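Undergrad: Let me give you the structure first, and then I'll get to my questions.
Bear in mind these aren't lab numbers, they're just calculated from the coordinates by the rules spelled out. Not measured: the values here are computed from a predicted model. A quick note on method: Cβ atoms are made from the backbone with ideal geometry, for glycine too, and the neighbour counts reach across all protein chains shown.
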2 protein chains.
Amino acid sequence: MTLQKSNSLNPHVSVDCVIFGFDNGQLQVLLIKRGNNNGALALPGDLIRNNENLDEAASRVLFELTGLRNIFLQQLRAFGNPERLEGNSDIQWLNSMREKPQARVITIAYYSIVKPGKLHPKPSSFASEVNWMPVLELPELAFDHNMIISQALDHLAASLKKEPLLAFEMLPRKFTFRQIQKLYEEVLNKKIDKRNFRKKLQTADILIPLNEKEVGVSHKPARYYQFDKKKIKTKGWL
Amino acid sequence: MTLQKSNSLNPHVSVDCVIFGFDNGQLQVLLIKRGNNNGALALPGDLIRNNENLDEAASRVLFELTGLRNIFLQQLRAFGNPERLEGNSDIQWLNSMREKPQARVITIAYYSIVKPGKLHPKPSSFASEVNWMPVLELPELAFDHNMIISQALDHLAASLKKEPLLAFEMLPRKFTFRQIQKLYEEVLNKKIDKRNFRKKLQTADILIPLNEKEVGVSHKPARYYQFDKKKIKTKGWL
């Protein structure tokens, strides 16, 4: 069993990390540019090692490609379409990078929501760049990464609908009604009726109005709010 | 790429199916007995084929081992502890069954909730038996299958707390208060206060009382109810 426990790469299973953040009024996702492949964009992802478990692999791979540590990654699900690696540019890249470029690879997707302003990703390993990109304006990405992001986004939307506390993880400490509405509009990818949304927020009774308004804006300065963390709980039916 | 697309087994990735049902007042899970391995109990599971996707693999494997078709299987998550196959009895079994018994196998767990009375599982392939077993009284199972079931159960409990409609999938068409309470007690693995539970059920306003009571019971006959499907919706915060 020695070989199996080595720290060599497992050619059959990878991890991919979907890191969402909300910045400049847009929902963003962290992407790398693959150095030796005409700059194709991809999720930070790579093969697992034989001696590590999946969660460890996700953290390691994210760190190796972007320099980010201590990101709370949750497993989303596995993606295993037998044809997921067969784009022309993907095949080229696999041939240049992998010992077994023809092996079928099942990938385990992880995701996280973060505040982009607090992070300083730096490309390394086979990443030549690492950038935040607006989720609603993505080009064609490597492998099945558009689909993985789309499923992660569905998951985020469902979570935000059920649990507004998640918005707390994505907004600055203080924010305006307009900012939280914009966050929901980006995640749900639809316009939300302003009056209705504010009424629901007020009924939910989870915001504390601050004695502070925007400054230096061209429109009427809006009030800042913060979340009342004590009032937010996942409310089940039972 | 011919080899890769063949329908041969992929030695590195498997699927395992957690099928929950509620019967005789107990939460049950469907298990197979491995024919040539001193009868170790396991989830219905096996290696995927190289030319099938993960969802297809789960349906095929469940059918091959238990004869069950048309079960709605949802992916739970991947399990990839590097030591998950290293129990003594598991190593023996892998040596007798697999072409590459030492390969690390990542498994993708699927789960489903069904009504056991409507199904007639029959063992085949390497399963010598297939049986419903009470989830709260499981012996030590093959591989990491106790842990997989435990995580599937956590998922089911969280879902049932949020969405009582799921109980509809597990109960007979008509049922008593006692039956639905017992279901929740089994899934949450704790006693529930009867008066409180009934009050919550009544407030939820999802049950229709029927003009029909139990017959032939030794205790006071209880009224039957059914779910009012029209009234149950997943209620999000927004």
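Undergrad: Quick one: what are the phi-derived ³J(HN,Hα) couplings along the range A:118-127, Karplus 6.51/-1.76/1.60 with θ = phi - 60°, whole Hz, x for glycine and proline?
TA: Once θ is set to phi - 60°, the couplings for the range A:118-127 become 8, 10, 9, x, 9, x, 8, 6, 7, 8 Hz.
Undergrad: At a threshold of 8 angstrom on Cα-Cα distance, excluding pairs fewer than six apart, so keeping six or more, what relative contact order does chain A reach in percent?
TA: After rounding, I find 22 percent.
Undergrad: Okay, moving on. How far apart are the residue B:25 label points across copies, placing each 7 Å from Cα toward Cβ, in nm, shortest first?
TA: 6.2
Undergrad: Can I ask one more? Taking square-rooted eigenvalues a ≥ b ≥ c of the alpha carbon gyration tensor, is the range B:114-155 rounded, prolate or oblate, where a/c under 1.5 means rounded and, failing that, a/b exceeding b/c means prolate?
TA: In terms of gyration-tensor shape, oblate.
Undergrad: Let me ask you something else. Starting from the amide H of residue B:16, placed 1.01 Å from N in the peptide plane, find each other amide H under 5 Å away whose residue is 5 or more places distant or on another chain.
TA: B:108, B:109, B:110
Undergrad: Within a 10 angstrom radius of each residue's Cβ in A:49-57, how many Cβ atoms of other chains show up on average? Whole number is fine.
TA: Mean partner shielding for this stretch: 3.
Undergrad: Follow-up. At residue A:150, label 7 Å along Cα→Cβ: distances to the other copies, nm, ascending?
TA: Shortest to longest, the spacings are 3.7 nm.
Undergrad: Would you calculate, for chain B, the mean residue ellipticity at 222 nm contributed by helices, counting each DSSP H stretch of 4 or more residues as -39,500 (n - 2.57) and dividing by all residues, to the nearest 500?
TA: One gets -9500 deg cm²/dmol as the mean residue ellipticity at 222 nm.
Undergrad: With viscosity set to 1.567 mPa s and temperature to 4 °C, compute the Stokes-Einstein D of the protein assembly as shown, Rh being the Kirkwood radius across alpha carbon pairs; µm²/s, no decimals.
TA: The calculation lands on 52 µm²/s.
Undergrad: Considering only C-alpha atoms, what is the centroid distance from the range A:1-64 to the range B:119-157, in Å?
TA: Distance between centres, Cα-based: 32 Å.
Undergrad: How large is log10 I(q)/I(0) at q = 0.08, 0.13, 0.16, 0.21 Å⁻¹ when the Debye formula is applied to the Cα atoms of the range A:2-160, each weighted equally and without solvent?
TA: -0.21, -0.56, -0.87, -1.58
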